[in-house]
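S.K.: Please find one structure pasted underneath; my questions will follow.
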Amino acid sequence: MENMEKASIIKTVIMSANQYMFNKNNSNMILFQHQLDVLLGITSRGSDLKFFHPRNLLPTECLTVLIDIMRETNEMKPSLMIKCLQLLRNLAVDKYIREALHESFNLTPVLVDIIKHTCNSAVNPLCMESLHLLQRIIYGHKMVLQESYVQDLLDFIIPHITDPAQDCTQVCLGLLVNLCKENFAIQTYLKNMENSKQLKRTLLKHISGSDGNLDCIIYSISVVTSVWLHDQEYDMVFKPSNLSPMFQSIFNIILKGETGMSRRYGVDLFKDILKDSQIQGALSKFSHLSAYIDGVLKLIPVSTAETVVMVFELLLCFCSIEGVRCLISRSVLSTLDFNVRPQFSDMLIGPVNQVSEPLLATVHWAQQSSDTHDEAPLYALDFLAEVYEELIYSNTRLKYSTHADLVLPVLLSSLNSEIDVDSDLCNPRKHCKKKVKTLQLLSVLSGEDDIRKKMVVLFNPTVYSQLLDFQLTNNRVTLHVMKMSTSCEDWSEEGVHIVIFCMELMSKLKKYMPNVDGLFCSLLQDSRMVPFLSAGLTSHDRTILQTALQLFITGTAMDNFPTVLIGDSMANCNARKKEITDIANTAPLSLGSTLNSTRPPSLSHNHLGDFSRSSNGEHDASVQSIIEKMQTGLEVKDINRSEIIDIYEHKIQAFQTKENHLQDLLDAKTLALSQADRLIAQYRSRRAQYEAEAHKMRRLLKESELQSEEHRERLNEMMLHKEKLSMELEHLSQEYQKLEHISEEYQQLNAAYADINDRYESAQKSLLSLKQELKTLTEMHEILQKHNESLKQQHDLASEQLSKLQEERKLLSKQLKEKEGKLQELTKSHTKLESKYEKAEKERTELETGLDHLRDTVNKTEQTKKQLQHQVSSLELVCKQHEADLLSKDDQIKELATQLEKHTQIAALIHSLSSGKSESGASVTK
């Protein structure tokens, strides 16, 4: 219900904005401002902005209208422009909306244009609002110097930085940090511009802290670090005597920053400068480091999700420094008394701001859903992994077995949470990332004996089987397809990480948990694990590669481990990666190439036992000629008998080696046949799955078609009802026109009556004057008697006409009152009909949106159906090819068997001949 109210508010804002764009008068502007105030109220800081996500239609239309209005800089009033900027600034708190404003809605040039046209003489509130919003929008985006608006922005902000009297120096410094960060073109421009020395002097003046503004100090250090990294100014800023006060300034802005952006820049500055080994050593020797780390840890319970991500980023950056991670781990663990408060489940139920211990607050953030808090749970799990890794694997570790009571239930609930891949509200990639971080933390915790014992008690082997079965059935890696552009995010890589780390955790716990050893061995020998292991072995991540390699080494000791299939899958993975890079460099991916890449690996082998007939052709011909001569009784004069016997023996040995090679070839062919049978069985099972899925899709398509037909009938009924209402509206409009015509006649009669009334008054005046003349001119009475009689007649006529007009006026007044009553009744009926028509229009729009959604779903199901049909056809072709190959190999085996029989007959013949000769020679010698 709340989302519906917000949607109605957005609709009214869009309507008032369009009304203002078409007619820019004061009433429309006041209405538009009022609607903007309402939207400002529901988007104030701390409110949930998911209803305004740019993926939805209404927010997209609202943002488009607002930005179109803001483009008309010269025609808008500053007060209205400030309202629009404040609304966009509230919305820019959300990361996705902020990125959409810069990339999709192209707001950055609009803001630069506002700054350029409204801030020529002096900085005003409109200019400041634009600068603050622009600083938030372009953060983390690389700007192109060749764009004209970037050049205009640089021309604006650099003079305002170098001029000490300007009020917007701080925000201009923040904009300069965003522009020059990891942007070589803008860095070179700043180095080579005319007032480069003046800019450097101004930045060094801010760094010295002469004005006492911590934000300006951090901004100036960030600019110097980005632009003049290898110059003398950098060495002057980061010399050993300056590092301690610099660390204090950065820590102060992180701990006491009024805005999230200032803390963001402080964390980014720490991440940049700590890449230097000398600064890392100086930080580890910083005298106040432990106090500041305690202050940073105290921010975890009192921060929002956006701020706590910055805090975790800073702590993880510190954990990479030698000697600092131990200090952080001790600070985290020293604040929580495990003996006094053994029950941790009740402590994690309430909100995080009611927790005072940093460790408990970190676990509280780790148990939050990634859908609501985005990246905060992931960073919390990374930080816990660093803390416990230092606790467990350091030489001076302390055994806190009660940590398991705090952490393990949270991690178990995270692994048991299901991923709804079909839901629009669920983001499977974030859930998979959280499960990967959870498995990594569990792998770290399994190194401690006491925690491992509690882990064995709490964890059930079904947790691993459910986690792995979901990935084995739903992950796209099992389909052997390349990444294609889809509406949802691809989470297959994170799913591979889940499988790899889950198997690693099982290998560590299989000695201590019953039934896990058998499950681990069966899963490792399962052919469904082949694509996951091959993806891990070909991964670019060193941790994933090493873990997958350990699993591969463990699996090679097993009998049924599919080593050959993993090798073929790895080769296919590398070929697909190469094909992806080639296609990315040449042309977009097509469906045909995708289906070709899904073809399974062939099991053809190149055996060394294959013989070529051409290699031994000469020996066969010579031996055959000698045999023919012996059979015909001819004497062989040029060859001794011993040489002939040697030749025979050599040939027999050659035949024996051929027979051995043929036997090896036969064994290899039988192995290939068994593997082909296994592949055919797998393909048949997959084909059955595809047919079941296709049947399910057809059923869903039929249901959607039935629903669409029902909605179409309802739409037709609504259209008929709309036509009836339009006819009634036309009839009422005709009656309204008639009433307007009557009102016009009434106005004409009123004008005529007023004219007659004026004439009557003038006649009365003339009559009075005549009476006076009659009294005064009695002497002329006789002379003017005739004239007096005529005047009396005229007077009588005028009085009669006047009486008639008065009667007509009474009749007209009665008719006018009756018409006014009828007009009021008609206006009431007209308003009722208008309200009914508006309701009908709203219902029609809702039905149209529902129909559009159903059409989209039907189109998607048709596309998936076509893809499945293509895959089924390709698998059928592969099966037919394998059957043809098997038949040809059977024919080859039969031919080789016949040749072997021939060779045995020849060997027997040669043996009989040689035995006969030897007997005849022996008789001659006697």
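The values are calculated or read from the model by the stated rules, or taken from the named source; none is laboratory data. All of these numbers come straight from a predicted model, not from anything done at the bench. Because the Cβ atoms are built from the backbone with ideal geometry, glycine has one as well, and the counts that use them run over all protein chains shown. Accessible surface areas use protein heavy atoms only, side chains included; no ligands, DNA or RNA. Shrake-Rupley method; radii C 1.70, N 1.55, O 1.52, S 1.80 Å.
S.K.: Quick one: SER27 ticks every box in (1) open to solvent by less than 70 Å² (accessible area, probe 1.4 Å); (2) farther than 23 Å from GLU147 by Cβ bar one, so which box is it?
M.R.: Tallying (1) open to solvent by less than 70 Å² (accessible area, probe 1.4 Å); (2) farther than 23 Å from GLU147 by Cβ, SER27 fails exactly one: (1).
S.K.: Quick one: in segment 118-141, of everything that is of a type outside the set (S, T, N, Q) and over 23 Å from PRO54 (Cβ atoms), which residue is surrounded by the most Cβ atoms within 10 Å (Cβ to Cβ)? Quick ask: steps written out before the conclusion?
M.R.: Going through segment 118-141, the residues of a type outside the set (S, T, N, Q) turn out to be 119, 122-123, 125-129, 131-134, 136-141.
With the extra rule that they be over 23 Å from PRO54 (Cβ atoms), the set shrinks to 119, 122-123, 125-128, 131.
On the way: CYS119: 18, ALA122: 8, VAL123: 18, PRO125: 13, LEU126: 21, CYS127: 23, MET128: 17, LEU131: 26.
Checked segment 118-141; the qualifying residue surrounded by the most Cβ atoms within 10 Å (Cβ to Cβ) is LEU131.
S.K.: Looking at segment 524-563, which of its residues are polar (S, T, N, Q), in a helix (DSSP H, G or I) and surrounded by fewer than 18 Cβ atoms within 10 Å (Cβ to Cβ)?
M.R.: Result: SER527, THR543, GLN546, GLN550, THR554, THR556, THR563.
S.K.: Here is a list: LYS722, LYS804, LYS765, LYS810. Which entry is farther than 30 Å from LEU823 by Cα and either modelled with pLDDT of 85 or more or polar (S, T, N, Q) (or both)?
M.R.: Just one listed residue meets the conditions, LYS765.
S.K.: Hey, could you check segment 333-367 for residues that are modelled with pLDDT under 85 and β-branched (Val, Ile, Thr) and say which is nearest to GLU386 (Cα to Cα)?
M.R.: The extreme case among them is THR335.
S.K.: Further question on the same structure: Exactly one condition in (1) at pLDDT 85 or above; (2) open to solvent by 30 Å² or more (accessible area, probe 1.4 Å); (3) among the hydrophobic types (A, V, I, L, M, F, W, C) is false for LEU214; which is it?
M.R.: So LEU214 meets the others, but not (1).
S.K.: Going residue by residue through segment 696-713, is there one that turns out to be in contact with a Phe, Trp or Tyr (Cβ under 8 Å, 6 or more places away or on another chain), surrounded by 15 or more Cβ atoms within 10 Å (Cβ to Cβ), assigned to a helix (DSSP H, G or I) and at pLDDT 80 or above?
M.R.: No, segment 696-713 contains no residue that is in contact with a Phe, Trp or Tyr (Cβ under 8 Å, 6 or more places away or on another chain), surrounded by 15 or more Cβ atoms within 10 Å (Cβ to Cβ), assigned to a helix (DSSP H, G or I) and at pLDDT 80 or above.
One line per residue, one yes/no per condition, for (1) under 21 Å from LEU823 (Cα atoms); (2) open to solvent by 90 Å² or more (accessible area, probe 1.4 Å):
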position: LYS738; (1), (2): yes, yes
position: GLN748; (1), (2): yes, yes
position: ALA752; (1), (2): no, no
position: HIS787; (1), (2): no, yes
position: SER790; (1), (2): no, no
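S.K.: Pairs under 6 Å by beta carbon, first residue within 15 Å of LEU701 (Cβ to Cβ) in segment 845-856, partner open to solvent by less than 30 Å² (accessible area, probe 1.4 Å) and part of a helix (DSSP H, G or I), six or more apart or different chains?
M.R.: LEU854/SER708
S.K.: Can you tell me which residue among VAL144, VAL223 is among the β-branched types (Val, Ile, Thr), exposed (fewer than 14 other Cβ atoms within 10 Å of the Cβ), under 35 Å from the mean Cα position of the chain (by Cα) and under 23 Å from ASP272 (Cα atoms)?
M.R.: Of the residues listed, the single one that is among the β-branched types (Val, Ile, Thr), exposed (fewer than 14 other Cβ atoms within 10 Å of the Cβ), under 35 Å from the mean Cα position of the chain (by Cα) and under 23 Å from ASP272 (Cα atoms) is VAL144.
S.K.: Filter segment 100-117 for residues that are open to solvent by 70 Å² or more (accessible area, probe 1.4 Å) and not basic (Lys, Arg); which is farthest from SER148 (Cα to Cα)?
M.R.: SER104
S.K.: List, please: which pairs have Cβ atoms under 9 Å, are six or more places apart or on different chains, and start with a residue in segment 283-299 that is outside any helix (DSSP H, G or I) and end with one that is open to solvent by 50 Å² or more (accessible area, probe 1.4 Å)?
M.R.: LYS285/GLY323; PHE286/SER244; PHE286/GLN248; SER287/SER244; HIS288/SER244; HIS288/GLN248
S.K.: Restricting attention to segment 40-96, which residues are outside any helix (DSSP H, G or I), in contact (Cβ under 8 Å) with a residue 24 or more places away in the chain and open to solvent by 60 Å² or more (accessible area, probe 1.4 Å)?
M.R.: Correct list: ARG45, GLY46, ASN74, GLU75, LYS77.
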